[in-house]
Amino acid sequence: MLAQRLNTILPDLNFEESLETTKIHSIAGTLKVNENIIISRPFRSPHHTITPSALIGGGKIPKPGEISLAHNGVLFLDEIAEFDKNTLEVLRGPLEDRQVTISRIGQTLTYPCNFMLVASMNPCPCGYYGSSYKHCNCTPNDIKRYLNKLSGPLLDRIDIQIEVQRISYDKLGVVVPETSSQIKERVSKARKIQENRYKNEEIFSNAQLSSGQCEKYCKIDDESKELLKIAYEKLGLSARAHSKILKVARTIADLEGTSNIEKRHIAEAIQYRSLDKKYNF
């Protein structure tokens, strides 16, 4: 439900993004009748039975797959642990490169796939592992086999990992949420900050920062460095996770309108990297 509302808070497509997105959907033959140009960000949600070639693209005449159809938008994998592991593993390269190359006899085609990957899953097959209100009936082997569908290298490429707890009945409807338009306004302001910051870098968001650019634009003070060092060693984080923490912290600061990354931003970003360690067997 949350994933399906992402499009309501994401910044609007600019003209260049609209053209790119329209070209891909035109090649794939997915443009709607009388739709000359796509003006809203794509939201793709393939079924867990999808094949690797349908996900990344392929066929005798290579066509864009779901990851390219989600270019400049969202690719949502509901119940990601139900997907075939080999299918999920083909995402690793495109998530890093933001493009996919498909080779067939006599031709090689490269399609862009700069998408936001969003996924959801239960903690175990029955859904109650770690629950405080209902007993889990799964064996340790069942849970391990289920969670192992999501490999460490793939999980490492997911910037934010959040565990959502069950909401009690008393809390339902008590908190008045922000509207999508209010959140979108804040997100759009943060995107403008990033576009101005990177206007000479040929990128437009924190997620696109290279290692060198990350060192340049995600500088932190000594206190924050020490906190990050402790988390890096205790959680056994990778170099990739280290960079992602800095990028997420930079985004948190941008959403607050803060020029510098502060210790609290690093602390919050670290919290989004601990899910894979909680369910480590």
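A short reminder: the numbers here are calculations on the coordinates, not readings from a lab. Keep in mind that this is a model prediction, so the values were computed, not measured. Note that we place each Cβ from the backbone using ideal geometry, even for glycine, and neighbour counts take in every protein chain shown.
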Checklist outcome for this item: The ³J(HN,Hα) series, computed from each phi in the stretch 241-253 with the Karplus coefficients 6.51, -1.76 and 1.60 at θ = phi - 60°, rounded to the nearest Hz and given as x for glycine or proline, is 5, 4, 5, 5, 4, 5, 5, 5, 4, 4, 5, 4, 5
Next on the checklist: Quick query: amide H of Phe43 versus all other amide H atoms, modeled in the peptide plane; which residues come in under 5 Å with a sequence gap of 5 or more or a different chain?
Outcome noted: Val74
Checklist entry - To the nearest 500 deg cm²/dmol, what mean residue ellipticity at 222 nm is calculated for the chain from DSSP H runs of n ≥ 4 alone, each contributing -39,500 (n - 2.57), summed and divided by the residues? => result -11500 deg cm²/dmol
Item to check | Where labels lie 7 Å past Cα in the beta-carbon direction, separation of Lys134 and Leu227 in nm | outcome: 3.6 nm
Next on the checklist: Charges on Cβ only, +1 for Lys and Arg, -1 for Asp and Glu, centred on the Cα centroid of the chain; of Thr139, Ser18, Ala81, which one is farthest towards the dipole's positive end?
Outcome noted: Thr139
Checklist entry - Between Lys85 and Glu35, 0.36 nm times their residue separation minus their Cα-Cα distance comes to what? => result 14.4 nm
Checklist entry - For the stretch 93-109, in order, what is each residue's ³J(HN,Hα) by Karplus, 6.51 cos²θ - 1.76 cosθ + 1.60 with θ = phi - 60°, in whole Hz (x at glycine and Pro)? => result x, x, 5, 7, 8, 6, 7, 9, 10, 10, 10, 9, 4, x, 7, 9, 10
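Could you sort 62-72, 137-147, 252-262 so that the peptide with the highest average Cβ count within 10 Å comes first and the rest follow in order?
On the way: 62-72: 24.1, 137-147: 14.6, 252-262: 16.4.
Those peptides, ordered most packed to least, come out 62-72, 252-262, 137-147.
Starting from the Kirkwood Rh over alpha-carbon pairs, what translational D in µm² s⁻¹ does the stretch 202-243 have by Stokes-Einstein at 10 °C and 1.306 mPa s?
Values: Rh = 11.4 Å.
Approximately 139 µm²/s, per Stokes-Einstein.
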Checklist outcome for this item: In debye to the nearest 20, the charge dipole size for the stretch 3-121, taken about the Cα centre with +1 at each Lys and Arg Cβ and -1 at each Asp and Glu Cβ, equals 320 debye
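At a Förster distance of 35 Å, what's the computed FRET efficiency of Glu185 paired with Arg240, Cβ-Cβ distance as r, to 0.05?
On the way: r = 32 Å, r/R0 = 0.91.
That gives a FRET efficiency of 0.65.
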Next on the checklist: Going by amide H atoms built from the backbone, whose H comes under 5 Å of the H on Tyr198, apart from near neighbours?
Outcome noted: none
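Hey, got the dipole for the stretch 72-202? About the Cα centre, +1 on K and R Cβ, -1 on D and E Cβ, debye to the nearest 20?
Values: 18 positive and 17 negative charges, 37 e Å.
The dipole of the stretch 72-202 has a size of about 180 debye.
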Checklist entry - When we measure straight from the Cα of Lys263, which lysines land under 19 angstrom away, once same-chain ones fewer than 8 places off are left out? => result Lys216, Lys219, Lys225, Lys229, Lys234, Lys244, Lys247
Next on the checklist: Explain nothing, just the number: dipole magnitude of the chain about its Cα centre with +1 on each Lys and Arg Cβ and -1 on each Asp and Glu Cβ, in debye rounded to the nearest 20.
Outcome noted: 300 debye
Next on the checklist: Viscosity 1.567 mPa s, temperature 4 °C: give me the Stokes-Einstein translational D for the chain in µm²/s, with Rh taken as the Kirkwood radius over C-alpha pairs.
Outcome noted: 62 µm²/s
Checklist entry - From the backbone phi of the stretch 117-125, what are the Karplus-calculated ³J(HN,Hα) couplings (6.51 cos²θ - 1.76 cosθ + 1.60, θ = phi - 60°) in whole Hz, Gly and Pro given as x? => result 7, 10, 9, 9, 7, 8, x, 6, x
Item to check | Amide H within-cut-off set for Lys63, under 5 Å, with H built and near neighbours excluded | outcome: Gly58
